[in-house]
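**Student:** Once you've had a glance at the structure underneath, I'll fire off some questions.
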Amino acid sequence: MYIDLSVTLNEQTPGYPGDAPIKIEPAGKIEQDGFNDHVISINTHVGTHIDAPLHMIAGGTTLDRISVEQFTGRGRLVELTKDLSLEDLQNSDISEGDIVLFHTGMSERYHEPVYFEDYPVISEEDAKYLVERKVKMVGVDTGSVDIADGFPIHKILLAGNVLIIENLANLDKLAGQDFKVLALPIKLGVDGAPARVIAEVKG
């Protein structure tokens, strides 16, 4: 069974505060051109997307230079509340090569202002632990892994070669499941890109 963990991209898709909105304009219409085509103007960090190291690290790696193997792996779901402790994370059976997804429930409020204003995040200590465990990726159902100025969590993870997935959906459907994550971004030579992220649930 496959579960889609991605949001839909259209002109109503919320963006991070300050980002330009998505624009989708026709470049061809069947009635007059014989085909449909569109021109899309989009921020690289809108909707469900993946952050490459270059997003926050000067001289960091771009998405197109990252092995496709890093975009897939065993998934681990962790319930993220404001009182999540490092000990809780250490007891979550996280191994090298895993893709760790943090479920907050905020995806249910994706079109509300609070989605980008008040949400739980992991601590810097948690982020350093995940780097030490050599996980491949960290994903969240929020607009950012950071809520503090300076983006410290981004910098810890990306400097440690842990990619970041933001704006995930449907993580509640993974509770109690064994699953594999496939998170494939557009192959752009920049700091990030939208991605179609799915979970393959076993059994």
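The values are calculated or read from the model by the stated rules, or taken from the named source; none is laboratory data. Just so you know, these numbers come straight off a predicted model, no measurement behind them. Note that each Cβ is placed from the backbone with ideal geometry, even for glycine, and that neighbours are counted across all protein chains shown. These accessible areas exclude ligands, DNA and RNA; they are computed on the full protein's heavy atoms, side chains included. Shrake-Rupley method; radii C 1.70, N 1.55, O 1.52, S 1.80 Å.
**Student:** Starting from residues that are closer than 22 Å to THR142 by Cα, of a type in the set (Asp, Glu) and at pLDDT below 95, keep the ones in segment 80-101 and report whichever is surrounded by the most Cβ atoms within 10 Å (Cβ to Cβ).
**Tutor:** By that ranking, first place goes to ASP88.
**Student:** When residues of segment 155-169 are filtered for being surrounded by fewer than 22 Cβ atoms within 10 Å (Cβ to Cβ) and within 29 Å of ILE40 (Cα to Cα), how many remain?
**Tutor:** The number of residues fulfilling the criteria is 1.
**Student:** When the residues of segment 1-11 are narrowed to those that are open to solvent by 50 Å² or more (accessible area, probe 1.4 Å) and touching a Pro at 6+ places or on another chain (Cβ under 9 Å), which ends up nearest to PRO26 (Cα to Cα)?
**Tutor:** GLU11
**Student:** Ok, one more. For the condition in a helix (DSSP H, G or I) and either more than 21 Å from LYS180 (Cβ to Cβ) or in contact (Cβ under 8 Å) with a residue 12 or more places away in the chain (or both), what is the one hit in ILE153, ILE94, ILE147?
**Tutor:** ILE153
**Student:** Any residue at all in segment 175-186 that's assigned to a loop (DSSP other than H, G, I, E, B) and small (Gly, Ala, Ser)?
**Tutor:** Our first condition is that a residue be assigned to a loop (DSSP other than H, G, I, E, B); within segment 175-186, this holds for 175-178, 186.
Now narrow it down to the ones that are small (Gly, Ala, Ser): 175-176.
Yes, segment 175-186 contains at least one residue that is assigned to a loop (DSSP other than H, G, I, E, B) and small (Gly, Ala, Ser).
**Student:** Would you call ILE186 open to solvent by 50 Å² or more (accessible area, probe 1.4 Å) and under 22 Å from LEU86 (Cα atoms)?
**Tutor:** no
**Student:** State the number of residues belonging to segment 81-91 that are in a loop (DSSP other than H, G, I, E, B) and of a type outside the set (Lys, Arg).
**Tutor:** 5
**Student:** Would you point out which residue out of ASP178, ASP191, ASP172 is within 16 Å of the chain's Cα centre (by Cα), farther than 25 Å from ASP64 by Cα, charged (D, E, K, R) and open to solvent by 40 Å² or more (accessible area, probe 1.4 Å)?
**Tutor:** Going through ASP178, ASP191, ASP172 in turn, just one is within 16 Å of the chain's Cα centre (by Cα), farther than 25 Å from ASP64 by Cα, charged (D, E, K, R) and open to solvent by 40 Å² or more (accessible area, probe 1.4 Å): ASP172.
**Student:** Let me ask something else. Among LYS134, LYS82, which is the only one that is basic (Lys, Arg), out of contact with any Phe, Trp or Tyr (no Cβ under 8 Å at 6 or more places or on another chain) and within 17 Å of ILE156 (Cα to Cα)?
**Tutor:** Sole residue among the options that is basic (Lys, Arg), out of contact with any Phe, Trp or Tyr (no Cβ under 8 Å at 6 or more places or on another chain) and within 17 Å of ILE156 (Cα to Cα): LYS134.
**Student:** Considering only residues of segment 105-134 that are part of a loop (DSSP other than H, G, I, E, B) and touching a residue at least 60 places away in the same chain (Cβ under 8 Å), which is surrounded by the fewest Cβ atoms within 10 Å (Cβ to Cβ)?
**Tutor:** Ranking the candidates gives HIS111 first.
**Student:** Specify the residue that is farthest from PRO194 (Cα to Cα); the eligible residues are those in segment 33-77 that are among the aliphatic types (A, V, I, L, M) and open to solvent by less than 60 Å² (accessible area, probe 1.4 Å).
**Tutor:** Here the answer is LEU77.
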